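The structure appears right after this line, and notes come after that.
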Amino acid sequence: MELTSALAPFVITLREGVEAALVVGIVLACLSKAKQTQLNVWVYGGVAAGLVGSLLIGLLLGLGIAQMRSLLPTLNYLIEPLLKSLLGAIAIIMLSWMLVWMTQQARSLKTAIQDDVQSALSGSSVAGVSIFSLVCVAVLREGFETVIFLFTSLQPGVEPIVGAGVGLLAAVAVGLALFRWGLQIDIRQFFQVMGTLLLLIVAGLVVSACKNLDAVFAAISQLDVRISDLCFSRQSCVLGPLVWDASGILPDQQFPGILLKTLLGYRDHIYLVQLVAYAAFLGGVGRRYFRSLNGQPAGKTPEASASQ
């Protein structure tokens, strides 16, 4: 089994899953403190509904893509890179926003959730529905982000699916360790490490998105001769000249190159536009992310860590 293709899905599902687990854990802790544990069933129902909703989104997205391919078989050479470019752009925007926003909001996350729970409990007649909605939306949000990433990055084979499944199970284990077994975990440090890995993985998506966009222009050039005149070369339509070629030394389809490709965005062929986009992403999103880290207080207890 080629484990390297499972690493990126594992990192994504683990990080997103832990975020959802923190929300669920905080809600359960609030209900226990308020002696309203009879509402726990609504929490578990919200988790189940969020997971089912995420699976349905993935199923509908997959069916939609398959339907489009079957309806326009002669244009598959254009539809394939176009869909990858679109999904890649969505994944980059959503994951980047989540990475920076979650880090900036981490200190107030616990307080915000506690306020939401207290507000829900104040309306006793609809408290269960409000708790259900709070948890369902949190799980569904993380699930939607994960589904988009998986559709963007999954390679043929079972390894990526296994990686995603193991990441989800690991996230559940982290949640149980924090809120059920009382294990002390430095959540702040965990999110720093996972966030840095996620930043580099998304930077790799930027490189792939550029390549897919180039494939779109190359496909369009086959339909319109005038556009073919705009292509830089046969190898690169809009990516500019080749600035890096390490295929003879460190190919990205073999170990360790494939590991660097999965986790760091490495490519054995890099064109000028890809290099500029990669550097711009790390310089822009990466700088905002690391700046937001500097403002967070440390904390290692489950109670304090839940707010990170």
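Tabulated data for the structure shown
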{"item": "Fully extended contour minus Cα-Cα distance, from Ile65 to Asp245, at 0.36 nm per residue", "result": "61.5 nm"}
{"item": "Rounded to whole Hz, the Karplus (6.51, -1.76, 1.60) HN-Hα couplings of segment 35-46, x for glycine and proline", "result": "6, 10, 5, 5, 8, 4, 4, 5, 5, 5, x, x"}
{"item": "Label point distance in nm, Ala170-Gln235, each placed 7 Å from Cα along Cα→Cβ", "result": "3.6 nm"}
{"item": "Most to least packed among 244-256, 267-279 [average Cβ atoms within 10 Å]", "result": "267-279, 244-256"}
{"item": "Phi to ³J(HN,Hα) by Karplus 6.51 cos²θ - 1.76 cosθ + 1.60 over segment 130-139, Hz, x for Gly, Pro", "result": "5, 4, 4, 5, 4, 6, 4, 5, 4, 5"}
{"item": "Accessible heavy-atom area order of Glu16, Glu159, highest first, probe of 1.4 Å", "result": "Glu159, Glu16"}
{"item": "5 angstrom amide H check on Ser236, placed H, neighbours 5+ away", "result": "none"}
{"item": "23 Å Cα-Cα reach of Lys211 towards lysines, excluding residues that sit fewer than 8 places from it in its own chain", "result": "Lys84, Lys261"}
{"item": "Angle in degrees between helix 159-179 and the longest Cα principal axis of the chain, rounded to the nearest 10", "result": "20 degrees"}
{"item": "Simple spin-label estimate for Gln118 and Ala89 in nanometres, 7 Å along Cα-Cβ", "result": "4.4 nm"}
{"item": "Volume in Å³ per residue [convex hull over Cα atoms, computed for the chain]", "result": "150 Å³"}
{"item": "Full-extension gain in nm, Thr37 to Arg180, via 0.36 nm per residue minus C-alpha separation", "result": "50.1 nm"}
{"item": "Other-chain or far-sequence residues with amide H under 5 Å of Trp244's (modelled H)", "result": "Ile270"}
{"item": "Among 92-100, 63-71, the order from most to least packed when residues are scored by Cβ within 10 Å on average", "result": "92-100, 63-71"}
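The values are calculated or read from the model by the stated rules, or taken from the named source; none is laboratory data. Given the structure is predicted, the values throughout are model-derived calculations rather than measurements. Heads up, the Cβs are rebuilt from the backbone with ideal geometry, glycines too, and the neighbour counts pull from every protein chain shown. Ligands, DNA and RNA are excluded from the accessible area calculation, which covers all protein heavy atoms including side chains. Shrake-Rupley method; radii C 1.70, N 1.55, O 1.52, S 1.80 Å.
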